[in-house]
Amino acid sequence: MITVKTIEEARMQVKSWKNEGYSVALVPTMGSLHEGHASLIKRAAKENEKVVVSIFVNPIQFGPNEDLSSYPRTLDKDTVLCESAGAHLIFAPEVSEMYYTDNVTGVNVQGLTTGLCGAKRPCHFGGVCTVVSKLFNIIPADKAYFGEKDAQQLAIIKRMVRDLNFDIKIVGCPIVREKDGLAKSSRNVYLSAKERQAALCLNKSLTKGKEILSSSEKSTKLLKNVIRNVIQNEVLAKVDYIEVVDSISLKAVDVVNKPVLVAIAVFIGKTRLIDNFIWEV
Ligand code: AMP
């Protein structure tokens, strides 16, 4: 496995693989890799001959008061994980390699980006779509792998690829969890021992939500209340949002009579965590 830092090296390597007839996968990440990322890389390695992992903490997807400077950066450890999961190339550019100082171009997806995580993070998905578009142009992969953990991001990227005719297939991969149910996240390292325990309320609340839906309940109002009650029982937790939306359009629904995404964001202390499930009817 090799690591490159420039666009030219990454592009040349991938083009030469393509010329040799290899299928190529891309797994975009911000590093601080864990088993969730490893599951994407392993799946990509199973379904493709060459796997590229990009590791880039993308500054333009962070808001002014967010954790850009404290976001964990662990390239040496990440390299070991990538290699053991079956990656062939790490593309780990500096910010100056990815963005011209006078860059004026970006990619914005309308509508799907304004709710859920986009409501309080107005620039976030523009930053994500811009960097992912750049990565798709730099790494001409056949398939790109994204986690269902970031369900809104996955829906937005799928729509962007459709609308802009990117020649790449987007593959969504299931959420990987800790043994006790907490969704793996690079931000879990911010949690103190007490907060780590408190963070279990996210998955607990969603499990309760699934129970309610299994009992044939169709009202999203009731569903949200049940989820909210579980989270509010945890003193260290503060709800950011609880939403039930159409899983493709991400528009709010009142009655669960088609596939929905049930998504939550919760502050545990200062750390904002997200989790979700898709309910098929
Ligand atoms: P990030 O480094 O947080 O930007 O995540 C890179 C990719 O890994 C995204 O597609 C995420 O959805 C995915 N990912 C992060 N955590 C998990 C997880 N626990 N399970 C599955 N995929 C994940």
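The values are calculated or read from the model by the stated rules, or taken from the named source; none is laboratory data. Keep in mind the model is a prediction, meaning the values are calculated, not measured. Backbone-built Cβ (ideal geometry, glycine too); neighbour counts: all protein chains shown. Note: accessible area is taken over every heavy atom of the protein model, side chains too, but ligands, DNA and RNA are not part of it. Shrake-Rupley method; radii C 1.70, N 1.55, O 1.52, S 1.80 Å.
Can you find, within segment 131-144, the residue that is farthest from the ligand (Cβ to nearest atom) among those that are touching a strand residue (DSSP E or B) at 6+ places or on another chain (Cβ under 9 Å) and open to solvent by less than 20 Å² (accessible area, probe 1.4 Å)? The qualifying residue farthest from the ligand (Cβ to nearest atom) is 138.
Check segment 201-209 and report whether any residue there is modelled with pLDDT of 95 or more, open to solvent by less than 60 Å² (accessible area, probe 1.4 Å) and in contact with a Ser or Thr (Cβ under 8 Å, 6 or more places away or on another chain). Checked against the condition, which is being modelled with pLDDT of 95 or more, open to solvent by less than 60 Å² (accessible area, probe 1.4 Å) and in contact with a Ser or Thr (Cβ under 8 Å, 6 or more places away or on another chain), segment 201-209 yields no hits at all. Is segment 150-158 home to any residue that is polar (S, T, N, Q), modelled with pLDDT of 95 or more, within 15 Å of the ligand (Cβ to nearest atom) and in contact with an Asp or Glu (Cβ under 8 Å, 6 or more places away or on another chain)? No: zero hits. For segment 40-77, a residue qualifies if it is in a helix (DSSP H, G or I) and in contact with a strand residue (DSSP E or B) (Cβ under 6 Å, 6 or more places away or on another chain), and the qualifying residues are 40, 41, 43, 44, 45.
Within segment 5-25, being more than 30 Å from residue 179 (Cβ to Cβ) and surrounded by 18 or more Cβ atoms within 10 Å (Cβ to Cβ) holds for 10, 13, 14, 17, 24.
Let's see how each residue does on (1) buried (at least 18 other Cβ atoms within 10 Å of the Cβ); (2) in contact (Cβ under 8 Å) with a residue 24 or more places away in the chain; (3) not small (Gly, Ala, Ser):
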site	(1), (2), (3)
98	yes, yes, yes
104	no, no, yes
109	yes, yes, yes
118	yes, yes, no
129	yes, yes, yes
146	yes, yes, yes
173	yes, yes, yes
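With the structure loaded, tell me whether residue 67 is buried (at least 18 other Cβ atoms within 10 Å of the Cβ), at pLDDT 95 or above and more than 16 Å from residue 139 (Cα to Cα) or whether it fails that test. No: the conditions fail for residue 67.
The condition (being out of contact with any strand residue (DSSP E or B) (no Cβ under 8 Å at 6 or more places or on another chain) and touching a residue at least 24 places away in the same chain (Cβ under 8 Å)) is satisfied by just one residue among 205, 249, 214: 249.
Only a single criterion out of (1) part of a loop (DSSP other than H, G, I, E, B); (2) buried (at least 22 other Cβ atoms within 10 Å of the Cβ) is not satisfied by residue 152, namely (1). Close contacts from segment 37-62, counting a first residue that is assigned by TED's automatic domain parsing to the domain that holds residue 9 and a second that is among the acidic types (Asp, Glu), with Cβ to Cβ under 7 Å and a gap of 6+ residues or different chains, come to 48/142; 55/78.
Is segment 59-70 home to any residue that is under 22 Å from residue 154 (Cβ atoms) and among the polar types (S, T, N, Q)? Within segment 59-70, one or more residues are under 22 Å from residue 154 (Cβ atoms) and among the polar types (S, T, N, Q).
If the condition is being aromatic (Phe, Trp, Tyr) and either crowded, with 22+ Cβ neighbours inside 10 Å or within 18 Å of the chain's Cα centre (by Cα) (or both), then segment 250-281 contributes 267, 277. Just one of (1) of a type outside the set (A, V, I, L, M, F, W, C); (2) over 21 Å from residue 170 (Cβ atoms); (3) near the ligand (Cβ under 9 Å from one of its atoms) fails for residue 37. It is (2).
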